[in-house]
Amino acid sequence: MFSRRLIALATRAPCVCRAIPAAAPFSTTAAVQSGHNKWSTIKHDKAKNDAQRNKVNLKCASQIAVAARVGGSIDPAINFRLATAIEQANRQNVPKKIIESAIKRGGGISASGGAATATEMPVYEGIGPGGVAFVVETLTDNKNRTVGQVKAAFSKVGGVFSPTAYLFERRGWIEVHAKPEETSVDDAFEALVDLGAEDLEQVERDPNDEGAPTAEGEGLVYAVYTSDKDTGKVAKALADAGYRVKDMGIEYVPNEDTAVPALSDAAQRAAFEKLCGALDDIDDVVDFYTNLTE
């Protein structure tokens, strides 16, 4: 399975999708040196860093807005998914003003405190290069704009809108830090199942993550899987039992019997990566999933 969430969680992803630019035609024109002087290099690096920071802020804001909308409350004390999204944004150093604005957006409140333009969460389905199925989740206040952008991304690589959700199964996922006394998944299996886990696995911990469960900064991280409808309830139960919830959400998992194997054709692979990059660049896209099995 390939999804934007797996891009962020590279330790759980066998494949990271990046658009590959086409090779430039041969030319004898002298190349422009971006690093001609120190100030030019600094400006170039700053622009890249600013763009990356803006992208992180935007994606965190989208997750907060979604959590506020689907969680039924803009109060993080009541809406556990929202509380987790806010904590994740704080770890990414997202400015407080952006977080507060995202909460209001998800709750249908304007910046001035009145009713805002209604937001919707349309899901788009399509077939991309190599017959790979896509499910694209969005959050938007203008469906016409969003559907146009998503459809254009598919069209540019020969993809089409087509029903694909039946090729996936929805499930909830919750990432939690193990308790200090737990040294393997086996130590926690029974306890986590009793708390609502249907399946779990150990995932590699981000070395930059703060809030380690042990003084040495070591410890395990579990991915707990459950019914999509029970995700919030199970996450709350895990937190009440002493597990620190790192992140949570709902994902589309491809059915094994209809999954697409790795793309061996270079042109198809390049087109697939181009589509993934285009979707990732659309501000209204919250997440996307494919049934590619690499």
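With the requirement that a residue be modelled with pLDDT of 85 or more and of a type in the set (Lys, Arg), what does segment 178-224 give you?
Listed by number, the list holds a single entry, Lys179.
For segment 102-117, what are the residues that are more than 16 Å from Asn79 (Cα to Cα) and at pLDDT 75 or above?
Correct list: Ile109 only.
All but one of (1) outside any strand (DSSP E or B); (2) surrounded by fewer than 19 Cβ atoms within 10 Å (Cβ to Cβ); (3) within 22 Å of the chain's Cα centre (by Cα); (4) in the same structural domain as Thr231 (by TED's automatic domain parsing) hold for Ala197; which doesn't?
Here Ala197 meets the rest and fails (2).
Contact list please: Cβ distance under 8 Å, first residue in segment 54-77 and surrounded by 19 or more Cβ atoms within 10 Å (Cβ to Cβ), second residue among the aromatic types (Phe, Trp, Tyr) and part of a helix (DSSP H, G or I), pairs at least six apart or on different chains.
If the second residue must be among the aromatic types (Phe, Trp, Tyr) and part of a helix (DSSP H, G or I), the pairs left are Gly71/Phe80.
Which condition does Asn79 not pass, out of (1) more than 18 Å from Gly277 (Cα to Cα); (2) touching a Lys or Arg at 6+ places or on another chain (Cβ under 7 Å), if it passes all the others?
Of (1) more than 18 Å from Gly277 (Cα to Cα); (2) touching a Lys or Arg at 6+ places or on another chain (Cβ under 7 Å), only one is false for Asn79: (2).
Can you tell me how many residues in segment 227-252 are under 10 Å from Arg81 (Cα atoms) and assigned to a helix (DSSP H, G or I)?
Residues meeting the conditions: 5.
In segment 178-188, what residues are surrounded by fewer than 21 Cβ atoms within 10 Å (Cβ to Cβ) and touching a residue at least 12 places away in the same chain (Cβ under 8 Å)?
The answer is Lys179, Pro180, Glu182, Thr183, Ser184, Val185.
Which pairs turn up if I take residues in segment 246-265 that are closer than 13 Å to Gly131 by Cβ and look for partners that are polar (S, T, N, Q) with beta carbon separation below 6 Å, at least 6 apart in sequence or on another chain?
These pairs meet every condition: Pro254/Asn291; Ala259/Asn291; Ala259/Thr293; Val260/Asn291; Pro261/Thr293.
Could you please let me know if Gly131 is surrounded by fewer than 14 Cβ atoms within 10 Å (Cβ to Cβ), in contact (Cβ under 8 Å) with a residue 40 or more places away in the chain and not hydrophobic (A, V, I, L, M, F, W, C)?
Judged against the criteria, Gly131 is a match.
Is segment 245-263 home to any residue that is crowded, with 22+ Cβ neighbours inside 10 Å, more than 18 Å from the chain's Cα centre (by Cα), at pLDDT below 95 and closer than 14 Å to Ile174 by Cα?
Within segment 245-263, not a single residue is crowded, with 22+ Cβ neighbours inside 10 Å, more than 18 Å from the chain's Cα centre (by Cα), at pLDDT below 95 and closer than 14 Å to Ile174 by Cα.
Does Ala239 satisfy the criteria of being closer than 24 Å to Ala102 by Cβ and outside the structural domain of Arg145 (by TED's automatic domain parsing)?
yes
The values are calculated or read from the model by the stated rules, or taken from the named source; none is laboratory data. Quantities reported herein were computed from a predicted structural model and do not represent experimental measurements. Using ideal geometry, Cβ is built from the backbone for each residue, glycine included, and neighbour counts are taken over all protein chains shown.
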